[in-house]
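The values are calculated or read from the model by the stated rules, or taken from the named source; none is laboratory data. Note that the coordinates shown come from a computational prediction; the quantities given were computed from them, not determined experimentally. Heads up, the Cβs are rebuilt from the backbone with ideal geometry, glycines too, and the neighbour counts pull from every protein chain shown. All accessible areas refer to the heavy atoms of the entire protein, side chains included, with ligands and DNA or RNA removed. Shrake-Rupley method; radii C 1.70, N 1.55, O 1.52, S 1.80 Å.
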Amino acid sequence: MADLAPSRPHDIAGIYTGHHRWLLGWLRRRTDNAELAADLAQDTFVRMMVSRRDFIVDEVRTLLATIARGLMIDHFRRCALEAAFLEMLAQMPPEHLPSPEAQLLVLETLNEVDAMLAGLPPKVRSVFLLSQLDGLAYAEIAARLEVSLSSVQQYMKRAFTACYRLQYGL
């Protein structure tokens, strides 16, 4: 029978030794980029190490794949956002381009907002975007999504709470 005992932080070195090569190959096949795969593998083990969670030894590869998949998705989302931002900058007249420092700040802020939005439940995110980007009134959103007005208000409260936490680092 397999060892189902929870793993402890001091076991990370053994887990790294026993699974790093597998994870690296798993990531290389999915990213087709050896350097990115190596970075994501390292980040995966760091996340696992600092998670302070116990995990079942038999589930290590499942846990590693889950963490790595999330990191990979985040990476590609950031790349797509950066590409869209750079495309928008390329369309601006040179005299109106923000400074490189301002561009970096905007890109960092966009990434933070994107991560916050990705962390919201789908209905909350949809309601928030319909309100803030499309300018729809709460009643219009309720009708479009076929939810009650009070649900829209609750979803907006949840989204604004997430915005507040993002702004104030809570």
Worksheet item: For segment 121-139, does any single residue satisfy the condition of being under 17 Å from the mean Cα position of the chain (by Cα) and either of a type in the set (Asp, Glu) or within 30 Å of residue 15 (Cα to Cα) (or both)?
Response: no
Worksheet item: Is there a residue being assigned to a loop (DSSP other than H, G, I, E, B) and of a type in the set (Val, Ile, Thr) anywhere in segment 133-151?
Response: yes
Worksheet item: Looking at segment 26-34, is at least one residue part of a loop (DSSP other than H, G, I, E, B), farther than 21 Å from residue 115 by Cα, of a type outside the set (Asp, Glu) and at pLDDT 95 or above?
Response: yes
Response to the item:
Selection from segment 58-81 of residues open to solvent by 80 Å² or more (accessible area, probe 1.4 Å) and touching a helix residue (DSSP H, G or I) at 6+ places or on another chain (Cβ under 7 Å) yields 61, 78
Discussion item. Just checking, does segment 36-53 include any residue being modelled with pLDDT under 90, surrounded by 12 or more Cβ atoms within 10 Å (Cβ to Cβ) and outside any helix (DSSP H, G or I)?
Written reply: yes
Worksheet entry | Residue list for segment 133-152, restricted to those being surrounded by 15 or more Cβ atoms within 10 Å (Cβ to Cβ) and hydroxyl-bearing (Ser, Thr, Tyr) | 138, 151
Worksheet item: So which residues in segment 117-132 are part of a helix (DSSP H, G or I) and open to solvent by 40 Å² or more (accessible area, probe 1.4 Å), if there are any at all?
Response: 118, 122, 123, 125, 126, 129, 132
Fill in: Enumeration of residues in segment 85-116 that are within 21 Å of residue 163 (Cβ to Cβ), open to solvent by less than 80 Å² (accessible area, probe 1.4 Å) and without any contact (Cβ under 8 Å) to a residue 40 or more places away in the chain
85, 106, 107, 109, 110, 111, 114
